[in-house]
Amino acid sequence: MRNSLYKSIKYLVLVGLFFNLETLPLSAQDDDVSLDMEFRFKTYKNADKTRSFIVEFYGTMEKERVPVYDAEIRFFNSTEDEEVLIGTANTTQEGISNLTLPADYSYIKDEEGYINVTARFEGSGDLDSFEESLAVRDLNLTLELNESEDGNTITVYANMIDNLGEEIPIEESDIYFYVQGMVSRLPIGDDWLEEGEYIFDFPNDIPGDKNGTLLVYVEIEDNDDFGNVTQTATVNWGTGPRLESGKVRMLWSDFGPIWMIVLMSTLLIAVWANIIHSIYNLVRINQEGKELKETT
Amino acid sequence: MEKDNHKKSGKLRRKFLKLGILSGVSAVAGVSLGSNTDPAEEPDKEETGEKMKLLTPDGKLVEVDKASVNNYPEAYISPEESRKGIPDRKFVMVIDLSKCKNARACVEKCQKAHNLTYYQEFMKIQLIQDHEDGEPYWLPKPCFHCDYPPCVKVCPTGATFKRDDNIVLIDTDRCIGCKFCVTSCPYSARQFNWSPNPSFDEEQPYSPETSVPGSLGTVIKCDFCPDMTRAGKLPHCVQGCPMGVIYFGDKNEDIVTNGDETLRFSELIKDGAAFRYLEDLGTAPNVYYLPAANRQFPLERGFDVNDEVKARYDNVPYIQKMKKKDIAP
Amino acid sequence: MNSDYSRTEILKRFAPILEKTSTMGWIWIIALIYLVGMGVYAAYIQFTEGQVVTGMRDHVVWGFYGVNFLYILGVSYAGAFASAILHFIRTPWKIPVIRIIESITVLSLCVGPFFIFLCMGRLDRLHYLFLYPRIQSPITWDVIAITTDLIVCIVYLYLTFVPDFAILRDHDELKLPKWRKNLYRWLAIGYRDTPTQRKRLYRATRAMSTMIIMMAIAVYTVLAWIFSLTLQPGWNSSIFAIYFIVAGVYAGIAVIIVSLYVVRESFHLEDYIVRRHFSVSGFVMMIIAVLFGYFTFSEYFSRWYSNKEHDILLLNSLFDRYFWHFIFANYLTVILPIVVMTFKRFRTIKNISFTALVAIIGVWINRYLIVVPTLENPYLPIQDTRLEYVFYSPTWVEWLLIVAGIAGFCLLFTVIAKFVPIIPMQEVLDEPETVNDTGEPKISGIEIKSYT
C-alpha cells in the first residue's frame, strides 16, 4: 500500500480545514475555475477487528479543499479474474466515504495472502470516473499488559494471518503508541517491532483522567503490507490529574466574604434605624398636632 | 501494493454556481443534505452569511449557505447548566508566538462561528514591541480566562462567572450592560454589542457556551468554545490557524494540541519557556505564550493583509517610527 | 413665638415668588422643558438604536455619561455635607442659603442616576441588581449607598421643610389654588411649633444631619472605589476616595455659589443673600481648591516620579492630546480661586461667582481626564481596531443629554423655588435680626445653640 493513509488525527484536521472555507469574492461567480481532483483510498483495521475502507474525494481550488458530496463509491474485492462488490458508501459533506465490514467477513485473498480491494466512483455528469486499488494483508495486534514495581510495560504481538488462518509473527514493522486525550491522541512512543514482538515501557508520568485511567492505542501505520492496524487497551496507570479543583476565593464566589456582608448589614441597619427614628418623631409631631386641633 | 492506477486524480474545469440556500443543492443535485440542515426541518432558516463550497456528484461546483456552526440543538446547554463547567477539565491555551504571521484565520473563523460583525473580534492580533531594541512580534490575544479574573469579581449581577473548567463565561441573558467588567479587564478582552445586529434575532436557544445569538447592549468576549470541546472538537481559532500557532487542551490530563501535533502541556511550557502576559497583575491567566524566538516568518509577512486591517496598526509606535524613516511596510 | 405681624410681613415678601410667575419666568421654564424634551428624544434614539449613537466604543466604554454621573453625585454629596455642617453651626447668615443648598443636594441626587441609566446597555434589566446581587461588586455597594442616601436626603430635606409648610398652611390669604393649600396642609403634618414639637423636630433633624455627613463620605468613597479598585494604570490609586470627596465638595461649593448668585438676581433677594455669603463661601471654596490642587498634584506627581511604563504613557497622553484640558482643569481651577480670594479688591460677588463657574467646569474636566484618557491607555495598547474608535469623542446625543440634564436640574430647582420659599421663613423668624441694613450680619461668629 503505497498511497498515504491518514491517521484519525489527520482526519480531524481535514474536518477543521473544511470548516475553514472562506467566502469567495462575488467576482468569482462567473469565472472558470480549475480544480485538482483527488481520490484517495486507504484501509484501517480497527481495534474490534472490523476493517474500514475509506475514500477521500475532493477537489482543490486555490489551496482550498472542495469536497465531493453524496457521490456513490463502490468497493470491490478483486482477484486477477473476478470482482466482487463488497459494499457501497456515499461521501459525506466532508467528502469522505466509509465502508466498514465486520471482523469475520471473508475476503477473497490471492496466493500471497493479500486482500485486493478497489474503490470506484463511476462518474456522472461532468465528473469523470475515479478508481483506486490497494492490497493489504490481514494482521492481528495483541497486547499483553504487565504491571510491575519497576514500571509498567505493554508487550505487543503482531501476527499475520495466512491463507490457512494460522498466525505467523511478522518480520518487522514500525509501531506507534498513543494515549487518548480530550480531542486528540498524545504520542507516547514509537519504535521498530521485530519478529512479531515488542515490549513497550509505559511512561510513569501521564495523568490520565480523574481516576488515572488511560486509553492506549497501539498502531501500525501506513505499512506497505498491512495498511493501518489499531489495537487499544484501557489501563489504570495514570498518575491522576495534575491539579485538584481549586478553592474559589471569596471575592470570586457567589456569596462574598462574610466580613463584607456583616459590615454592610451593620451600616445599613444603622442608617435605617436613623431614618425610622426620624419618621417616629414625625409621627409623634403629627399626633400632637391632632391633639392640639381637638383641644382648640 | 497498488495494483493498478486507473485514475486517482485529475483536473476539472468548472463554471462556478452560487446558490442561495442549502435547499438549492437539492434542487441542482437532487440530493438531500442530511437531517441537520434539512430545509424541511428548518423552513425559516435565514441566510447566515456563512458559505461553504461543495462539488455535486455530477461535477457542479456550488457554494451554499451553511447553517450556523454553533448549532448543536441536541447538546443544548442552558445558561444555568453552563455555570458549572465541563467536569474534570482545566482548559488551557498555549500560543506559539514564533509561528504567528498575522494570517488572521483564527480571527475570521471565530467571527463566523460566533456571528460577529467584521469589526468585532474575540481574538485580536496585537503588534507588540517589548522594548525599543526588540523586534516586534504578532501576539494573538484571546480572553485569558484568568484564575483570578478581575472582570468576575466586579460584576454586580453574576452575569460573568468563572467555571470549574477554567473558563470565564458571560451569560448575556443576565448582563445589564454596565460595562464595569470591560474597564476592569487589564487585557481589554471584552467588547460590547453597541448596535443591533440581524443575527441577534436568529431562532436558536441562547447558550452562554455558544455565545449566540448575541443581544444588544451586553458584553461579549472569547468563550474558549466550550460547545466545541463538548463535541470533542477544538475551538474555532485553533482549527482555523493554518500555522498551528494555537494549542488548546486540558491541564488536568496535561495534553494540548493544535490539531496537527499533540504534546504534553507541561513539557511544552517547560521546553518553550512559556510566559503569561502581565503576570505581575496577579490575574493568573490560563493562556500561555511561547516567546517569539527563532521565528518561522519575518515580521513583514504579517502586513500581507488588506489595507483596512493594515491601517489598524498605524498608531503602533514601531510603525510610526518606520513611517518616519519612510520604510514602512 | 413671634408676632403674627412679622409672620405676615415675611410672607408678604415671599408670596409673589410663590403666587405669580413673570413672563420671563415662563420663557425660562418653557425653554427648560424644551431642552429636557430634546433630551428625552435623544434618550429615545439611544435606546432604540443602541449605544452606537454615542461616542462610546469598546475601549472607552464610559464617556460623558459616566463623567457626568460622577460629577453630579459629587455635587450632591457636597451639598449634603455643607448643609449638615451648617446645621450644627449656629450662625444667622446661614439661614438664607441653607434651603438652596438642601435643594441642590436632593435635585442633583435625583438627576445624577439618570446618567448611569443612560450608560447601561440593558436598562430593562435594572432589577437584576436586586434579583441577582453580588455583594463583592463595587456597583452593588454603589447601588445600595446611592438609594439609601437618596432616602436619607429626602427625609432630611422634608424635616427642614416642615415648619415652612406649617406657615404656608396657616396663611389663607395666599392666592394659591386649592390643591396646593391642601397639599401644604397635608405636608405640614399638624406642626404647630409647640415646644415639644420643636424639640422633636430638632432631635430628628440633628440625627439626620449627622447621618448625612457620614453618608456623604461613605457614598463618595464607594464611588471612587469603582475606579480605584480596578487594575487600570490611571485609576488604581489609594488616594482616590479622599481625592474624589475633595473634588466633589469643590464642585458642590461652586454650584452653591452660582446658584446663590442666580437666586439672588432672579428673585431680587439682595437683602437676604448678601456679599458676606459670597465671601464666606468663597473662602471655603478657596481652601477646598487648595486641597483639590494638593491631591491632584500628589496623584500625578507620584505617577510621574515613579515612572512606571503605563503611567508614563497615560501622562504623555494627558500632556499631549489633553494639554489644554489639563491646564484648565488642574492649573486654572486651582489658581483662580486663590487669586480672587487673596486680593480684597477682586473679592466681589460677580468675581466670586465667575470663579465658581470656572471651578464647575474645571472640576468636570478633571473628572473627564480621570475617566476617559485612562480608558484610552489600557495595559495592552489599543490595536487591531478602527483608528477612529481608539479615541473618545462625544456625539450630539451625548451633548444633548448633558444639556438636558442641566436643564432638568434648573427646572426642578425653579419648581422648588416656586413651591416653597427659597429662604426658610421659620428660621428667619427665629432670627429676626439676621441681617442689618448694611447687609452685614449682626451676630458674627459661631455659637452652638442648645434647645435643652
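Overview of values
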item: Filter result (within 13 Å of B:V316 (Cα to Cα) and of a type in the set (A, V, I, L, M)) within the stretch B:114-140; result: B:I125, B:L127, B:I128
item: Check on A:G208, at pLDDT below 90 and crowded, with 21+ Cβ neighbours inside 10 Å; result: yes
item: The stretch B:216-229, residues that are in contact with a Gly (Cβ under 9 Å, 6 or more places away or on another chain) and in a loop (DSSP other than H, G, I, E, B); result: B:L216, B:G217, B:T218
item: Some residue of the stretch A:186-204 being in contact with a helix residue (DSSP H, G or I) (Cβ under 9 Å, 6 or more places away or on another chain) and part of a loop (DSSP other than H, G, I, E, B); result: no
item: Flag for C:F69 being at pLDDT below 85 and within 19 Å of C:A145 (Cβ to Cβ); result: no
item: Helices (runs of 4 or more DSSP H) (entirely within the stretch C:106-201) containing at least 3 residues that are within 14 Å of chain A (Cβ to nearest Cβ); result: C:138-170, C:178-187
item: Among the residues listed as A:G212, A:G240, A:G208, A:G256, the single one being outside any helix (DSSP H, G or I), within 14 Å of chain C (Cβ to nearest Cβ) and under 47 Å from the mean Cα position of the chain (by Cα); result: A:G256
item: Qualifying residue in the stretch B:204-218 (condition: in contact with a strand residue (DSSP E or B) (Cβ under 7 Å, 6 or more places away or on another chain) and facing chain C (nearest Cβ under 10 Å)); result: no
item: Positions within the stretch C:333-350 being assigned to a loop (DSSP other than H, G, I, E, B) and farther than 20 Å from C:L260 by Cα, in sequence order; result: C:F343
item: Verdict on B:K112 being more than 25 Å from C:W225 (Cβ to Cβ), within 12 Å of the chain's Cα centre (by Cα) and either surrounded by fewer than 21 Cβ atoms within 10 Å (Cβ to Cβ) or among the charged types (D, E, K, R) (or both); result: yes
item: Long-range neighbours under 6 Å by Cβ, at least six apart or interchain, first residue under 16 Å from A:V218 (Cβ atoms) within the stretch A:165-179, second open to solvent by 10 Å² or more (accessible area, probe 1.4 Å) and of a type in the set (K, R); result: A:Y178/A:R185
item: Single unsatisfied condition, A:S97 versus (1) of a type in the set (S, T, Y); (2) open to solvent by less than 30 Å² (accessible area, probe 1.4 Å); (3) not in a strand (DSSP E or B); result: (3)
item: Whichever residue in the stretch B:153-170 is assigned to a strand (DSSP E or B) and either open to solvent by less than 10 Å² (accessible area, probe 1.4 Å) or in contact (Cβ under 8 Å) with a residue 24 or more places away in the chain (or both) and, among such residues, is nearest to the other protein chains (Cβ to nearest Cβ); result: B:F161
item: Failed criterion for B:P150 (all others in (1) over 22 Å from B:R89 (Cβ atoms); (2) out of contact with any Lys or Arg (no Cβ under 9 Å at 6 or more places or on another chain); (3) more than 10 Å from chain C (Cβ to nearest Cβ); (4) not aliphatic (A, V, I, L, M) hold); result: (3)
item: Scope the stretch B:186-203; condition touching a Pro at 6+ places or on another chain (Cβ under 6 Å) and either at positive phi or part of a loop (DSSP other than H, G, I, E, B) (or both); matching residues; result: B:S188, B:E202
item: Selection count where residues are among the charged types (D, E, K, R) and more than 9 Å from chain C (Cβ to nearest Cβ), scope the stretch B:174-203; result: 3
item: Helices (runs of 4 or more DSSP H) wholly inside the stretch B:235-329 containing at least 1 residues that are more than 30 Å from A:G240 (Cα to Cα); result: B:236-240, B:307-311, B:317-324
item: Matching residues in the stretch A:55-71 - criterion: being of a type outside the set (S, T, Y) and out of contact with any Phe, Trp or Tyr (no Cβ under 7 Å at 6 or more places or on another chain); result: A:E56, A:G59, A:M61, A:E62, A:K63, A:E64, A:D70
item: Residue within the stretch B:118-136 that is farther than 30 Å from B:A293 by Cβ, in a helix (DSSP H, G or I) and open to solvent by 30 Å² or more (accessible area, probe 1.4 Å) present; result: no
item: Candidate set from the stretch A:105-128 (those that are surrounded by 19 or more Cβ atoms within 10 Å (Cβ to Cβ) and over 13 Å from A:E83 (Cα atoms)); member that is modelled with the lowest pLDDT; result: A:L127
item: Flag for B:F200 being touching a helix residue (DSSP H, G or I) at 6+ places or on another chain (Cβ under 8 Å), of a type outside the set (G, A, S) and in the same structural domain as B:A113 (by TED's automatic domain parsing); result: no
item: Scope the stretch C:271-321; condition aromatic (F, W, Y) and either part of a helix (DSSP H, G or I) or open to solvent by less than 60 Å² (accessible area, probe 1.4 Å) (or both); matching residues; result: C:Y272, C:F278, C:F283, C:F292, C:Y294, C:F295, C:F297, C:Y300, C:F301, C:W304, C:Y305
item: Search result, residues across the stretch A:220-232 that are more than 14 Å from every other protein chain (Cβ to nearest Cβ) and open to solvent by less than 10 Å² (accessible area, probe 1.4 Å); result: A:I220, A:N228, A:V229
item: Residue that is in contact with a Leu (Cβ under 7 Å, 6 or more places away or on another chain), in a strand (DSSP E or B) and not charged (D, E, K, R), where the choices are A:V136, A:V117; result: A:V117
item: Qualifying residue in the stretch A:67-84 (condition: on the phi < 0 side of the Ramachandran plot, surrounded by fewer than 18 Cβ atoms within 10 Å (Cβ to Cβ) and of a type in the set (V, I, T)); result: yes
item: Test: residue in the stretch C:355-377 that is more than 29 Å from C:V52 (Cα to Cα), in a helix (DSSP H, G or I) and among the small types (G, A, S); result: yes
item: Selection from the stretch C:117-144 of residues that are within 24 Å of the chain's Cα centre (by Cα) and open to solvent by less than 40 Å² (accessible area, probe 1.4 Å); result: C:L118, C:C119, C:M120, C:P138, C:I139, C:T140, C:W141, C:D142, C:V143
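The values are calculated or read from the model by the stated rules, or taken from the named source; none is laboratory data. From a predicted model like this one, the values you see are computed outputs, not experimental measurements. Note: ideal-geometry Cβ built from the backbone for every residue, glycine included; neighbour counts use all protein chains shown. Note: accessible area is taken over every heavy atom of the protein model, side chains too, but ligands, DNA and RNA are not part of it. Shrake-Rupley method; radii C 1.70, N 1.55, O 1.52, S 1.80 Å.
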